[in-house]
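Novice: I am attaching a structure below and will ask some questions about it afterwards.
The values are calculated or read from the model by the stated rules, or taken from the named source; none is laboratory data. What you are looking at is a predicted structure, and each value in this text was computed from that prediction instead of being measured. Every residue, glycine as well, gets a Cβ built from its backbone with ideal geometry; the counts of neighbours run over all protein chains shown. The accessibility values were calculated without ligands, DNA or RNA, using every heavy atom of the protein model including side chains. Shrake-Rupley method; radii C 1.70, N 1.55, O 1.52, S 1.80 Å.
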Amino acid sequence: MIYRHPQGWPEVAEGQFTGHHALMGRHYLDEIDWWKSVITAFDTRISALLAERERDLANLVAIPGIGRLAAEIVIAETGGDMTQFASAHRLASWIGVCPGQNESAGVNRSGRTRPGNKNLKRLLGIAAMVAIRKKDSYLGVFFRRLAARRGGKRALVAVMHKLAIAIWHVLHDKAPCRELGADHFTRRDPERAMRRMIKEANSLGLTIRFEPITA
């Protein structure tokens, strides 16, 4: 049987659909249906295994950049038990998001990160890229501040390290993640923030004066 498009498309749009094509099409459709059933069976099994972890999963999802699937992967890779990691930094080191140490002439310089757990390292890389897109957030501001001094790649690894620290605390303390806010650095060191604003104003030939706001 030959099919021809009614619009009169070029000859390349013409072709034949034989009984063999129908057989192979049915075969592939059946194979897709079979794989769907396999995926459904595994999803059901995963849900049953994670039934007692709903609180941990909800807390993990509250971490910027971490979705439901990512939270499930974190539980699967770590077991969800943070007692096997003495500290949050031990978890970050195990994942491979702690910068290495490169010492030369008594001076420590940043080195390459360790290989670590490839699945979680890849996951945190994606989560970090999602988290920094939100500019009015702590991680977004942290990334931009560090990237200006150290470059984007190192800043992204630093965000991944922050996420690993957050994961450890969330699972260890059984508490949700708390957003520090985009103004965290200003609140932590207001004098430094004022010096920066004064410097920027002076560079424009201006001067500014700070006065406290009265209630």
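Novice: Search region 48-60 for residues that are in contact (Cβ under 8 Å) with a residue 24 or more places away in the chain and pair each with any residue that is open to solvent by less than 60 Å² (accessible area, probe 1.4 Å) and charged (D, E, K, R) when their beta-carbon atoms are under 8 Å apart and the residues are at least 6 apart or on different chains.
Specialist: Going by the 8 Å Cβ cut-off, the qualifying pairs are L50/E72.
Novice: Go through region 77-116 and give me each residue that's under 18 Å from the mean Cα position of the chain (by Cα), over 30 Å from E52 (Cα atoms) and either at pLDDT below 75 or exposed (fewer than 15 other Cβ atoms within 10 Å of the Cβ) (or both).
Specialist: Answer for region 77-116, where residues must be under 18 Å from the mean Cα position of the chain (by Cα), over 30 Å from E52 (Cα atoms) and either at pLDDT below 75 or exposed (fewer than 15 other Cβ atoms within 10 Å of the Cβ) (or both): P99, T113, P115.
Novice: Here is a further query. Taking region 174-189 on its own, how many of its residues are surrounded by 12 or more Cβ atoms within 10 Å (Cβ to Cβ) and outside any loop (DSSP other than H, G, I, E, B)?
Specialist: Going through region 174-189 one residue at a time, the tally reaches 3.
Novice: Is it the case that K199 is in a helix (DSSP H, G or I) and either among the basic types (K, R) or surrounded by 10 or more Cβ atoms within 10 Å (Cβ to Cβ) (or both)?
Specialist: On the way: in a helix (DSSP H, G or I): yes; either among the basic types (K, R) or surrounded by 10 or more Cβ atoms within 10 Å (Cβ to Cβ) (or both): yes.
When the stated conditions are applied, K199 passes them.
Novice: Hey, another quick one. Against the conditions (1) buried (at least 21 other Cβ atoms within 10 Å of the Cβ); (2) more than 13 Å from the chain's Cα centre (by Cα), where does R154 fall short? Just the number, please.
Specialist: Unmet for R154, out of (1) buried (at least 21 other Cβ atoms within 10 Å of the Cβ); (2) more than 13 Å from the chain's Cα centre (by Cα): (1).
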